[in-house]
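Data first, discussion second: the structure below is written as structure tokens.
The values are calculated or read from the model by the stated rules, or taken from the named source; none is laboratory data. Everything numeric here is computed off the predicted structure, so don't read it as measured data. Virtual Cβ from ideal backbone geometry, glycine too; neighbours counted across all protein chains shown.
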Amino acid sequence: MGEIGCPIERAVSVLDGKWTLLVLRELFTGTKRFGELRKTLHGISPKTLTERLRLMETQGIIKRTIYPEIPPHVEYSLTEYGETLRPIIDALKSWGERWTA
């Protein structure tokens, strides 16, 4: 990713898209498996969820843990960096509760 000068532009580049915010919302409640995320994110396709998870992993927001079982067991959780997004998501939630009633 190229150098982005404006702090708001940098933040938006990390939080790009509806699904990123909603995946974060789910992971703030704890570690989740792919299927759990799919169930709670109504309307997301497996392809889109996979793309979002991979992007957030590349950005260092989430970590992917693979357990060598049959069938394979994969869990997603927030990294320390990802946790720093909590106040932003909380602020969006508060704003949404106040202004979109």
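Among the residues making up the range 51-64, a single one is of a type outside the set (A, V, I, L, M, F, W, C), touching a helix residue (DSSP H, G or I) at 6+ places or on another chain (Cβ under 8 Å) and assigned to a helix (DSSP H, G or I): Arg52.
Within the range 65-78, the only residue that satisfies the criterion of being in a loop (DSSP other than H, G, I, E, B) and acidic (Asp, Glu) is Glu69. Report whether or not Ser94 is in contact with a Ser or Thr (Cβ under 7 Å, 6 or more places away or on another chain), under 17 Å from Arg25 (Cβ atoms) and small (Gly, Ala, Ser). No. When Glu36, Glu26 are checked against the criterion of being of a type in the set (D, E, K, R), farther than 22 Å from Pro7 by Cα, touching a strand residue (DSSP E or B) at 6+ places or on another chain (Cβ under 8 Å) and part of a helix (DSSP H, G or I), a single residue qualifies: Glu26. Take the conditions (1) loosely packed, with under 13 Cβ neighbours inside 10 Å; (2) under 16 Å from Glu83 (Cα atoms); Ala11 misses just one of them, which is (1). Considering the range 39-54 alone, what residues qualify as being charged (D, E, K, R) and closer than 11 Å to Leu22 by Cβ? Within the range 39-54, Arg52 is the sole residue that qualifies.
Based on this model, can you work out whether Glu57 counts as surrounded by 14 or more Cβ atoms within 10 Å (Cβ to Cβ), closer than 14 Å to Val14 by Cβ and at pLDDT 95 or above? Answer is yes for this residue.
Within the set Thr20, Thr29, the sole residue that is of a type in the set (Ser, Thr, Tyr), surrounded by 16 or more Cβ atoms within 10 Å (Cβ to Cβ) and under 20 Å from Lys93 (Cα atoms) turns out to be Thr20.
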